[in-house]
Amino acid sequence: MVEKRKVVFIGDSITECFNLKTFFQDDGYINEGVSGYTTLDLLNRLETSLFQYQPDIVFLLIGTNDLELTELTKEEIVHNIKTIVQKINQRLPQATLYLQSIYPVNYEIKPFSVGKRKNEDINWINHHISQIKGAKYLDIHSFLKNKEGKLNSDYTYDGIHINDLGYQVISHQLKEYLK
């Protein structure tokens, strides 16, 4: 009998709201997204949210809340993401780690929801996290933005969080790495 792969999605509310059963239809997929989580929160919960599962594959998406909820600089956010990647590699050397780009935002839809997040900052962070060693960087951002570089309004209900159509686009991209 072939043992099923364990795939963990870890991150903030964008991960938490990703209905994995709808888009992947596999019981080996675990959602460990938590609304409001920042890179610091994730660093403090890797043991209980990730390491306990001993996953084969990890999809990591984190950083947008740091721009809104913390006073961290962009450099500090990148440093924290790099530290998360290093800790995952140390504890789960057998796992394949995919680091997703931070998704774009669209301030015009609901300014209150987007808050202080700016696409210029997100683009800067994405450029720098794409260079992090130890994880395969996935540029999901490019599939979600419109021609102005903002989150496509078809994929969101509030300018930051993703709707079902957006998750369909994301899952289509992620499935390429699950074959």
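Evaluate the Kirkwood expression for the hydrodynamic radius of the chain, namely the inverse of the mean inverse distance over all pairs of different C-alpha atoms, and round to one decimal in Å. Could the numbers behind the result be given before it?
Details: mean 1/r = 0.0614 Å⁻¹.
For the chain, the Kirkwood estimate is 16.3 Å.
Would you please give the FRET efficiency between Arg91 and Phe143, computed as 1/(1 + (r/R0)^6) with r the Cβ-Cβ distance and R0 = 41 Å, to the nearest 0.05? Don't skip to the end; give the middle numbers.
Details: r = 30 Å, r/R0 = 0.73.
Taking R0 as 41 Å, the efficiency between Arg91 and Phe143 is 0.85.
Taking amide H positions as placed in the peptide plane 1.01 Å from N, state which residues far from Thr156 in sequence (5 or more) or on other chains have amide H under 5 Å from it.
Hits under the 5 Å cutoff: Asn163.
For Val169 and Gln131, what does the FRET efficiency come to when R0 = 22 Å and r is the distance between their Cβ atoms, rounded to the nearest 0.05?
Details: r = 25 Å, r/R0 = 1.13.
The formula returns an efficiency of 0.35 here.
Starting from the Cα of Ser35, move 7 Å in the Cα-to-Cβ direction to define the label point; list residues of segment 59-85 whose amide nitrogen is under 20 Å from there.
Hits in segment 59-85 for Ser35 at 20 Å: 61-70.
What nm distance separates the two modelled labels at Asn44 and Lys4, each placed 7 Å from Cα along Cα→Cβ?
Between Asn44 and Lys4, the simple spin-label model gives 3.3 nm.
Extending each Cα 7 Å along its Cβ direction at Lys21 and Glu120, get the distance between those two points in nm, one decimal.
Modelled inter-label distance: 4.4 nm.
Name the residue from Phe59, Leu69, Ile109 whose Cα lies farthest towards the positive end of the charge dipole of the chain, charges +1 on Cβ of Lys and Arg and -1 on Cβ of Asp and Glu.
Farthest along the dipole direction, towards plus: Phe59.
Given +1 on the Cβ of Lys and Arg, -1 on the Cβ of Asp and Glu, and no further charges, what dipole in debye does segment 7-174 carry about its Cα centre, rounded to the nearest 20? Mind showing how you got there, number by number?
Numbers: 15 positive and 21 negative charges, 74 e Å.
Charge dipole, segment 7-174, about its Cα centre: 360 debye, nearest 20.
Readers should treat all values here as calculations from the given coordinates under stated rules, not as data from a laboratory. On a predicted model such as this, the values are computed, not experimentally measured, just so you know. Cβ atoms come from the backbone with ideal geometry, glycine included; neighbour counts cover every protein chain shown.
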